[in-house]
Structure formats: structure tokens, C-alpha cells
1. With the cut-off at 1.5 for a/c, could you classify the chain from its C-alpha gyration tensor as rounded, prolate or oblate?
2. Tell me, what HN-Hα J-couplings in whole Hz come from the Karplus equation 6.51 cos²θ - 1.76 cosθ + 1.60 at θ = phi - 60° for each residue of the range 85-93, using x for Gly and Pro?
3. I need the peptides 314-325, 406-417 ranked by packing, meaning the mean over residues of other C-beta atoms within 10 angstrom, with the highest value on top.
4. Amide H neighbours of L175 under 5 Å, counting only residues 5+ apart in sequence or on other chains, H built in-plane at 1.01 Å?
5. Cβ under 14 Å from G140's Cβ, G140 left aside: what net charge do those residues give with Lys, Arg +1 and Asp, Glu -1?
6. Please calculate how many Å² of accessible area the range 266-424 carries per residue, with a 1.4 Å probe and no DNA, RNA or ligand atoms counted.
7. Carbon and sulfur atoms: what percent of the 1.4 Å accessible area of the chain do they account for?
8. Using the Cβ atoms and a cut-off under 12 Å, what net charge is assigned to the surroundings of S399, where Lys and Arg are +1 and Asp and Glu are -1?
Amino acid sequence: MSLWERANRVLPGGVNSPVRAWKAVKGRPLFIRKAKGPKIYDINGNTYIDYVCSWGPMILGHAHPKVTKAIKRAASLGTSFGAPTRLEVELAEMIVEAVPSIEKVRMVNSGTEATMSAIRLARAYTGKNKVIKFDGCYHGHADDFLVKAGSGLATFGIAASPGIPHDLVKHTLSLPYNDIEAVEEAFSRSGEDIAAVIVEPVAGNMGVVLPKEGFLEGLREITDKYGAVLIFDEVITGFRIGWGGAQAHYNIMPDLTCLGKVIGGGLPVGAYGGKKEIMSLVAPEGSVYQAGTLSGNPLAMAAGLQTLRILKEEGIYKKLEKRTEELVDGIKAIARDEGVPLQINHIASMFSIFFTDEPVNDYNSALKSNTDLFIKYFYAMLKRGIYLAPSAFEASFVSLAHRKKDIDYTLKAVKESLKEIKEI
Ligand SMILES: *Cc1c(COP(=O)(O)O)cnc(C)c1O
């Protein structure tokens, strides 16, 4: 029996997180044996240049020697105590120093935990119930956020998954990304009961979609006007777009920020933080309950801390950005030469390719891209040793371990792949 068959007998769909199952590319996933630097190795002996980077965390590349050493050292000192440690204070200090709007932060174990806790806190702080999110943004799998996209202004809350009480999602409204007028209208209707607006300041879960000029500013103004909490979900963008995340890049200060992915250096970590005034409501300082047996885990803190220490070094983000630009510019030039219409949305070391000739600014325009062509491209690249996210609506990530020769190799594969899929 193959490992995939064995997996399917004991794990729902054979995986522990749905997108890993390759349903969107109608295939079977690779089983990974190990990874090092920019490369991953499957159990059949194939090697790939990796642009998934564990969906974002591996910004230094896989198994960075300093991070591995920090984890080993922490492990040898005991893996969990359920008591305060120096490491969690140091990581918190680093986050507070780096992320402009965070004065206090609480460590949790995943991005999902961070967003669900931030919403509870926003509701407690404002005494209000409703939450606005945006179509195509992902904020983890907590009940509040699993609301069908595209319902527009008409309906608060249609659950996107069975098992979610209507009484809960009726408080969530999903609006089109980059549509500030829709937000204004929602607030003018229900502003007195809106606790929070949660947004990916750069969207990374419908592919990469950048905020239009004025969108984030508009969210800040409207939430200020109505006394709602503005939450930036920077689980992807935090320490990815730059040292201070998207909020530093665009110079817009949210009230609360959710972090994850990069801050764990490849171990399970999330965090939420923000203004003292709001964070002081979190137990035990305040009465908003939120806890975790393994929160602030020493292995995770050690990996995160070492990762951030390296990222803090002079010129690191410039270097990452330059490398990503070489790749993105290269792909654009090849697509032009080959006459394949595509859009590349790109910021810092994250990018997405959409097979469409129209700009992608929101979920609806992302959905207009040609997913059949993406699937062909995905397999054409895989065959040439390039591992992309197995869905047309995911971000690609470049790490510090991707060298010039990896980029050159990738561009060669892009050229051959685009030629190949054109002919089909
Ligand atoms: C990945 C992600 C999450 C969820 O984080 P998990 O650690 O998978 O729970 C939340 N928000 C955004 C923007 C993400 O990309």
C-alpha cells in the first residue's frame, strides 16, 4: 500500500490541512522527506526548488543552521515548562520593537488562535458584536471567519462550512477587498454594532493582491470615526514585507495586529498584540480569557527569536527583494516573449502569477484567471524540479536561501513550461 493510501485510511483526505491534498490541481501530493536551504526532497528521491516555503514561515530557507542550533539547544534544556521563560520575553520585546503599533503582545500557537483571540478582544473592548472581513482574505479557521465570500452588502453571515451556528456568523459581514465604499455603506447601516474590521493589509490567500491607494487609509478613518477596532492580520506579511510588516510599509497603524508564520521560524507560533489600552484587557491583567498550555513554548520561541535576529541584520530585506525582483521581472519578460497573458502581483518577497490579461484587485478578479492553465503550468514546473503551491490562489515565497543560480534555473523552467502549456 502506498503512503498516500495509508494516509487516506487514517487521516481525513490523507492530510492534516486541506490545501496540502492537491485537490485544486487534481493530483496527489508529494511526501516530503527533508528540506535544506531553497530545496525540498521527496520520499521518491526527487529534488525541487521550493516556492511554498511552508506557506510562508521559511523566510531564511529550510533548516537554517543557526535556527536548527537554537532549537537543539532549547530542546536539550527541556521542551515545555508551563512557566515563564526568558525566551518569550525576548521574542515579545523584539516584536514590540519591530512592529510600530504593538505595545504589548500575547503568544499563541497558530495564526488561527491569534485572529480568534483578537476578535474576542475587540468585542470586549468595544462592547459590540459585528465583524467586517473581506472576500478572499483568510484569517484561519475560527467560526467567525468562515463566512461565504461574495454575499456583498445584502447578507450578514452565510457559513462557508457546516458546523457553524447561524447565530454566530450572522455577526460577520464579508465585503469586496479594495472597496472602501462598501465599507462606508456597511458602517452607515450598522456602524453602532461593528466591533472590528479585520483585513490582510496585503492579501496573500487569494494569491497576492495589493491594497489600492487609499484602501487601508480609508479603513483607518472609518473605524476611528465609528469606534471600531482595526485589526491587521499580518500572519503572512509580518516580518515578510519588511521588519515592521505591512503597517510600517504603508505607514498605517492598526489597533491590533495578528502575527504567525515567520515569527515562529518554522515552529507553531502565533501572536496578537497592539495598543496597551486594548491588550491590558487580556487575562490575567484584564478579564478577557485566553490561555494556552504550550503558548510561548521554548522551542518555538528559540526558533522565532533566532529567525528575527537574522532578519534584523542590515540589508537583509533589500537582498530578498532584489532576488525576488530578478525572478518576477524574468517571468514577465518570458511571458511577453511567449505571448502568454498573465498578471504578476508582487511585493517584497511574495508574488503570485494569475493567468489573465486583466488586473487582479480583489477576489472576483482573481477568480477570473484561468485555473486550467495554472494546473498545466504547475505540473510543467514540477516536472522541471520547481515546487509551487498546488493552487492558483496562493502566494509564492522567496527565501534568503534562494541564490542567483536557483532563480536562473527557475526562469529556465518558466520559459520551457510556458512554451509547453501554450501548445496544449
Ligand atoms: C496562515 C494564515 C492564518 C492562519 O494561521 P495558521 O497558523 O494556519 O492557523 C491566518 N491569517 C492569515 C493571513 C494567514 O495567511
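1. Values: a/c = 1.57, a/b = 1.21, b/c = 1.31.
Because a/c hits 1.5 or more and a/b fails to exceed b/c, the chain counts as oblate.
2. Going residue by residue, I get 9, 5, 4, 6, 5, 5, 5, 4, 4 Hz, with x marking Gly and Pro.
3. Numbers: 314-325: 15.3, 406-417: 18.7.
Those peptides, ordered most packed to least, come out 406-417, 314-325.
4. Result for L175 returns K133, F134, D135.
5. Values: positive: R120, K133, K261; negative: E113, D143, D144, E200, D233, E234.
Cβ neighbours under 14 Å give a net charge of -3.
6. Working: 6990 Å² over 159 residues.
Spelled out: the 1.4 Å probe surface of the range 266-424, per residue, equals 44 Å².
7. So the carbon and sulfur contribution to the accessible surface is 52 percent.
8. On the way: positive: K36, K39, R240, K319, R323, R403; negative: D50, D406.
That works out to +4.
The values are calculated or read from the model by the stated rules, or taken from the named source; none is laboratory data. No experiment lies behind these values; they were computed from the predicted model shown. So basically every Cβ, Gly included, is an ideal-geometry build from the backbone, and we count neighbours across all protein chains shown. With ligands, DNA and RNA removed, areas are computed over all heavy atoms of the protein, side chains included. Shrake-Rupley method; radii C 1.70, N 1.55, O 1.52, S 1.80 Å.
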